[in-house]
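Working notes for the structure below.
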Amino acid sequence: MLVAKAIQGRTSPADWFLLLAVVPLLASLAWIRRFHRLAGLIETEADYAQQQRERANQEAELASTIAARLRADNVETAGGVLLRTLLHPAEGVVGGDFLGTARAGEAVWFVIGDVTGHGLEAAVTALRLKDLVLSAVLAGSSLADALAMGNALLLADPSGEALATMFVASYRDGVLRYANAGHLPGHLVNGGTGTAER
């Protein structure tokens, strides 16, 4: 209405005041509303970025913890021989490669394996498999039965795609006994000669 009056030349000083004061005020209000929307979007994006950083940090911490648990400690035999272990995963920080050791009485137990896949999912399956098989042999299961338990764990995987190769062995009094499932056979090398019992 004021604009129409101004075009027709019938504006009073009060009309001009309203025109010059109200129009910028309305424009400012529209700009403030836009600014608040933009500020809200920026805050939402900052919150999302922070959540992503926290998630990445948690995943890195989890990967580091699992990687440490997939390795094995050095172990000493009853005769005082220190057996050193070394594991270099094929790819990345964690994956399906695992190595475990334990000592019970006069025997030293080993479990070595590789779960198919990469990353945290394969690493979690590998850790579960390693712990299950070592626990089974320490509880008195035979090497073959321990592997059968590991196989049952893989068969229970909901994806139906979990596969692994594995080697489990005991070393006692200079004799290596082992069972393997798709893994390379074991050899005990002593003085240039190799012996092992399957």
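The values are calculated or read from the model by the stated rules, or taken from the named source; none is laboratory data. Just so it is clear, the structure is predicted and the values come from calculations on it, not from any experiment. We place every Cβ from the backbone using ideal geometry, glycine too, and count neighbours over all the protein chains shown.
Points worth noting:
- Of residues in region 145-197 being surrounded by 11 or more Cβ atoms within 10 Å (Cβ to Cβ), acidic (Asp, Glu) and out of contact with any Lys or Arg (no Cβ under 8 Å at 6 or more places or on another chain), the one modelled with the lowest pLDDT: 157
- Scanning region 106-138 for residues being of a type in the set (Val, Ile, Thr) and in a strand (DSSP E or B) gives a total of 5.
Results for (1) of a type in the set (S, T, N, Q); (2) modelled with pLDDT of 80 or more, shown as yes or no for each residue.
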site: 3; (1), (2): no, no
site: 12; (1), (2): yes, no
site: 21; (1), (2): no, no
site: 30; (1), (2): no, no
site: 47; (1), (2): no, yes
site: 62; (1), (2): no, no
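- Any hit, region 84-91, residues being at pLDDT below 80 and buried (at least 18 other Cβ atoms within 10 Å of the Cβ): yes
- Residues of region 140-189 satisfying the condition of being in contact (Cβ under 8 Å) with a residue 12 or more places away in the chain, aliphatic (A, V, I, L, M) and under 17 Å from residue 123 (Cα atoms): 153, 154, 162, 163, 164, 166
- The set of residues in region 66-80 that are surrounded by 13 or more Cβ atoms within 10 Å (Cβ to Cβ) and over 19 Å from residue 171 (Cβ atoms) comprises 66, 67, 69, 70.
- Count of region 103-135 residues, restricted to those that are crowded, with 21+ Cβ neighbours inside 10 Å, among the small types (Gly, Ala, Ser) and within 15 Å of residue 169 (Cα to Cα), is 1.
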